[in-house]
Amino acid sequence: MIDPPVQVDGARVAVLGLGRSGMAVARLLNQMGASVYASDVSTADHVVVTARVLVDEGIDARAGGHDRELLAGCDWVVVSPGIPPDAEVLVAPPVSDRPIFSEIEVAWWFARAPVAAVTGTNGKTTTTALLGAVAQTGGISVS
């Protein structure tokens, strides 16, 4: 675990994107004492279900758009990797005026084990398999 660069406990945080990792980071931040507003522009069934599940857990979650008024009340923002950096919601106030972090970065703040991160467009599966094999050869448990 590292010290986050922003206040988490008591902060109002926006989570943009309600995929699996968006749901996970919204839950994590809620558990860490943040007040979370989570949203997604999609109204696909799985996104609506995710929003409902989060609402049932006490998280303000909405499908079908991002509420600029609620975003304006947030201290910082967590963005899904599926949202392009030039998306309107990210480049316009109030989000453009706030610190923005990726879901992966926020999860890393709270990781209790060493992390090896693999990014990129191609070769992630192969690279991850090779890293796992090297770690196991060195006696490190991987999962």
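Test of understanding: what is the full-extension gain from residue 124 to residue 108, defined as 0.36 nm times their sequence separation minus their Cα-Cα distance? Mind showing how you got there, number by number?
Numbers: separation 16, 0.36 × 16 = 5.76 nm, distance 1.83 nm.
The residue 124-residue 108 span can extend by a further 3.9 nm.
For the chain, what are the per-bin percents of Cα-Cα distances with bins 5 Å wide, up to the bin holding the maximum?
P(r) over the chain, rounded to whole percents: 2, 9, 18, 20, 18, 13, 10, 6, 3, 1, 0.
Count the net charge of all other residues whose Cβ sits under 9 Å from the Cβ of residue 22, scoring Lys and Arg as +1 and Asp and Glu as -1. Display every interim value, and only then the final one.
On the way: positive: 20; negative: 40, 103.
For residues surrounding residue 22, the net value is -1.
For residue 37, which sequence-distant residues (separation of 5 or more, or a different chain) have an amide H within less than 5 Å of its own amide H, given hydrogens modelled in the peptide plane?
Answer set, sorted by chain and number: 13, 14, 15.
Measuring from label point to label point, each 7 Å out along Cα→Cβ, what is the residue 6 to residue 115 span in nm?
My value for the distance between the label points is 1.5 nm.
List, in order, the whole-Hz ³J(HN,Hα) value for each residue of the stretch 75-91 obtained from phi through the Karplus relation with A = 6.51, B = -1.76, C = 1.60 and θ = phi - 60°; use x for Gly and Pro.
Rounded to whole hertz, the list is 7, 7, 10, 10, 10, 5, x, x, 9, x, x, 9, 4, 3, 4, 8, 8.
Name the most mobile residue of 63, 116, 72, meaning the one with the largest mean-square fluctuation, in a Gaussian network model of the chain with Cα contacts below 10 Å.
Taking springs between Cα atoms under 10 Å, the residue moving most is 116.
Might you work out the accessible area of residue 43 for me, using a 1.4 Å probe with all protein chains in place, and round it to the nearest 10 Å²?
Accessible area of residue 43: about 100 Å².
When the chain is fully extended, how far beyond the present Cα-Cα distance does residue 68 get from residue 88, taking 0.36 nm per residue of separation? All intermediate terms of the calculation are to be shown ahead of the outcome.
Working: separation 20, 0.36 × 20 = 7.20 nm, distance 1.13 nm.
Taking residue 68 through residue 88 to full extension adds about 6.1 nm, to one decimal.
What nm distance separates the two modelled labels at residue 135 and residue 52, each placed 7 Å from Cα along Cα→Cβ?
Going by the 7 Å Cα→Cβ label model, 3.6 nm.
The values are calculated or read from the model by the stated rules, or taken from the named source; none is laboratory data. Owing to the predicted nature of the structure, the values given are computational and were not obtained by experimental measurement. Reconstructed Cβ throughout: ideal geometry from the backbone, glycine too, with neighbour counts over all protein chains shown. Remember, those area values only see protein heavy atoms, side chains included, never the ligands or the DNA or RNA. Shrake-Rupley method; radii C 1.70, N 1.55, O 1.52, S 1.80 Å.
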